[in-house]
Amino acid sequence: MSDIPSSRRAGRPHRAEGASPRRIVLWVVLAIILILVAAVAWVGVRALIAKRDLTQAVALVGTLKSEITATNTSEAVQTAKTLQQKADDARSLTSDPVWRTAEVTPLIGSDLRAVRQIAAVVDTVSTGAVTPLASQLGGISTATFKPVDGKLNLQPLVAAAPAVAKATDALHRARVQAAQISTKTTLSAIDTAVDQLQIELTSTSAQLDTVNRVAQLLPTMLAVNGQRNYLLLFQNNAELRAGGGIPGAVALVHIADGKISLEQQAPGKAFGPYRTPILPLATDTKGLYGPITGEYMQDVTLTPRFDTSAQLAKAMWAKKFGTGVDGVISIDPVTLSYMLKATGPIPLPSGDTLTSDSAVKLLLSDVYDRYNNPTLQDALFASAASAVFTKISSGGFDAKQLIAAITQAAGEGRVLVWSATPSEEKIIAPTAVATLLPQSTASNQQFGVYLNDATGAKMDYYLTTSSGVGRAQCRKDGRPTWVATVTLTSTAPTDAATRLPRYVTGGGEFGVPPGLIRTNVAIYAPKSGVFVGASQDGQPASPQTTSDGSYPVVQFQTLLRPGQTTTLRVEFLGASNLSKSAVSIGGTPGVHPTVTKGVVVTCENPLQ
């Protein structure tokens, strides 16, 4: 028996087996704290690893791009595999339940969510675009595009087309994913990463979209299982047209199962004049450029609408020779000069050697000094075109440099393509080779400047141009003020009237004194533009105001003596929903590259 009285034993608290409730609560709180610490540590460690993997993945994209450009196939395949692994790791590190739970926490939640979304975008690009393309690298190289005995082997491109299409779709999905990443409350470093990701995806997606269109088109347009005829226009920029220059020479190219041959050539002057346009012309085309657009082969490029030019040229060729064509392709002597970097020097029957440095001067200037007879001039053009074609069709070129040359020329508007097959033309239409018309987007509004020679001669060899565009927000209604400028300069020698051949100066035949340059300048504004005013050399001007379809147009006529410069300035109002859109400017490719620049616009006096 205990010495303690029973009464006292009864009043003492009863102790249960195990921990007290207070200790249980403490242990629970401690456990929660430890779990939270572990979760934070887990997320933190995984974030660091994910950052490392994402950084390496971005670097590998640059490496892969360089390897593909340099056609280092085996290295590119290995790089693609490593990129895939890094992208997989980054995505798995940022997609577990702990990470997703941490995304709802204050302060860091939005940052973690953005990192996970970036990882998902990179994984989409890697899995959906890089991996399928890398699987085709072994079958395609620049050498694939070199003819053998005049024939192209198109099977590797046919085989690669599905992978290219899959990659194009993947990049589109990645762009949508990236656009949905919110950076309203994220750290500045993440803001920058997301912005850069979106910029790179937009650029790369556009490039791959072009490749996808090529992969779809080339096999059929190069008659992989049939025959095609194409009309090739050689535009002469020494006598400008909106589309580049007069079609000084025209050739028929025949393709049978990838084998290309030059069948027939004719000078542009051999077609027309026709009493009426060979095809009905749009009212706006006739109003701006006259019915002669459809009456002379040399004038079909008066309009920047290459689909119109091509259909007119096709009809004229069929009328003269009875041969139908499946499409029309246009290039100029500057394009030939770029291509000569890939072929190397080419000897001509005239005794000249055509080189990248000499081609433009020989074909657009020297030929007129040497030959007074236009027939001999045409013969030199024909021989130059034939010689370059023969060299290329025989495979005598550096494939990588040739692709770069054509890409550069296409970017400058010097290569244009039209297909008579509607399904093919639908694929071509959104690309840079379809037309010279301004192509605006919600984020960028584009102007176009188109030059047509009114001298009736070859004086545009001495014409240089620069253009620019700028914007300002001057109105309370939010409509932006757009200002485009065009500067033309004659670099003709001071004694051009007597020193240059009559064929170059025109000899006053069309009302222009010898040595002077007369030019019709059409400035196309974005479709929403409303014309406000214009000036020339700082003085108020009254140009023709009209439209070409849905494009507002103003047209000037300038006359320059040797050494003279003139500057045109036009003001338009844009739509209020385009107040933040960038503006750009393009137009006619001439003998010399057009210099583009930004324009400072002041609300007080936009036309000065």
How far, in nm, would the chain grow between Arg561 and Gln608 when pulled straight, counting 0.36 nm per residue and subtracting the alpha carbon separation?
-> 14.6 nm
Compute the long axis of helix 73-93 from its Cα atoms, compare it with the longest principal axis of the Cα atoms of the chain, and write down the angle in degrees, 0 to 90, nearest 10.
-> 40
Among the DSSP beta bridges whose two residues both lie in the chain, what percent are antiparallel, rounded to the nearest 5?
-> 85
At R0 = 51 Å, FRET efficiency that the Cβ-Cβ distance of Asn372 and Ala575 yields, to 0.05 | 0.40
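How large is the charge dipole for segment 227-425, taken about the Cα centre, if only the Cβ atoms of Lys, Arg (+1) and Asp, Glu (-1) carry charge, to the nearest 20 debye?
Dipole about the Cα centre, nearest 20: 220 debye.
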Fewest first, what order do Thr465, Thr558 take by the number of other Cβ atoms within 10 Å?
-> Thr558, Thr465
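Using the structure shown, select from Lys151/Lys400; Lys166/Lys580; Lys361/Lys391; Lys286/Lys319; Lys286/Lys361; Lys286/Lys597 the pairs with a Cα to Cα distance greater than 27 angstrom. List each step's numbers first, then the result.
Values: Lys151/Lys400 18 Å; Lys166/Lys580 33 Å; Lys361/Lys391 21 Å; Lys286/Lys319 22 Å; Lys286/Lys361 34 Å; Lys286/Lys597 32 Å.
Long pairs (Cα-Cα over 27 Å): Lys166/Lys580; Lys286/Lys361; Lys286/Lys597.
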Taking amide H positions as placed 1.01 Å from N in the peptide plane, with prolines and chain starts having none, which residues 5 or more places from Thr596, or on another chain, fall under 5 Å of its amide H?
-> Ser467
Neighbour-count ranking for Trp482, Trp99, Trp418 (other C-beta within 10 angstrom, fewest to most) reads Trp99, Trp418, Trp482
Cβ density ranking, 10 Å radius, fewest first, applied to Leu348, Leu107 yields Leu107, Leu348
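How big is D for segment 311-463, in µm² s⁻¹ as a whole number, if Stokes-Einstein is applied with the Kirkwood radius of its Cα pairs at 37 °C and 0.692 mPa s? Could you put the intermediate results ahead of the total?
On the way: Rh = 17.7 Å.
Diffusion coefficient, whole number: 185 µm²/s.
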Top positive-direction residue, dipole computed over segment 438-598 with Cβ charges, set Val483, Leu516, Leu568 = Val483
Positive dipole terminus of segment 438-598, leading residue within Thr455, Gly587, Phe531 (C-beta point charges) = Phe531
Let me know the charge dipole size of the chain about its Cα centre in debye, to the nearest 20, where only the beta-carbon of Lys, Arg (+1) and Asp, Glu (-1) is charged.
-> 1920
Figure the gain on full extension for Ala179 and Asp209 (residue separation times 0.36 nm, minus the Cα-Cα span) and round it to one decimal in nm.
-> 9.0 nm
With a Förster radius of 45 Å, plug the Cβ-Cβ distance of Ala404 and Ser542 into 1/(1 + (r/R0)^6) and report the FRET value to the nearest 0.05.
-> 0.50
Would you mind working out the magnitude of the charge dipole of segment 301-409 relative to its Cα centre, with +1 at each Lys and Arg C-beta and -1 at each Asp and Glu C-beta, to the nearest 20 Debye?
-> 240
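Is the shape of segment 212-365 best called rounded, prolate or oblate, per the rule: a/c under 1.5 gives rounded, else a/b larger than b/c gives prolate, else oblate, with a ≥ b ≥ c the square roots of the Cα gyration tensor eigenvalues? Display every interim value, and only then the final one.
Details: a/c = 1.76, a/b = 1.20, b/c = 1.47.
Oblate is the answer for segment 212-365, as a/c is 1.5 or above yet b/c matches or exceeds a/b.
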Taking the chain and counting helices only, DSSP H stretches of n ≥ 4 at -39,500 (n - 2.57) each over all residues, the nearest-500 ellipticity at 222 nm comes to -13500 deg cm²/dmol
In order over segment 306-316: 3J(HN,Hα) from phi, Karplus 6.51/-1.76/1.60, θ = phi - 60°, whole Hz, x for each Gly or Pro, gives 5, 4, 5, 4, 5, 5, 5, 5, 4, 5, 5
Go through segment 268-273 residue by residue and turn each phi into a ³J(HN,Hα) via Karplus (6.51, -1.76, 1.60, θ = phi - 60°); whole Hz please, and just put x for glycine and proline.
-> x, 6, 6, 10, x, x
In degrees, nearest 10, the alpha-carbon axis of helix 374-393 is tilted away from the dominant principal axis of the alpha carbons of the chain by 30
Other-chain or far-sequence residues with amide H under 5 Å of Gly327's (modelled H) | Leu231, Ala420
When the Cα centres of segment 113-130 and segment 562-604 are compared, how far apart do they sit, in Å?
-> 39
So how tilted is helix 155-179 from the main axis of the chain? Cα-based, degrees 0 to 90, rounded to 10.
-> 60
Under a 5 Å amide H to amide H cut-off, with H placed in plane at 1.01 Å, what residues pair with Ala249 once short-range neighbours are removed?
-> Phe234, Gly268
List, in order, the whole-Hz ³J(HN,Hα) value for each residue of segment 565-572 obtained from phi through the Karplus relation with A = 6.51, B = -1.76, C = 1.60 and θ = phi - 60°; use x for Gly and Pro.
-> 10, 9, 10, 9, 9, 10, 10, 10
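Throughout, read-outs are computed from the coordinates displayed, never taken from laboratory work. What you see is a predicted model, and the numbers here were worked out from it, not measured in a lab. Please note: Cβ atoms are built from the backbone with ideal geometry, for glycine as well, and neighbour counts cover all protein chains shown.
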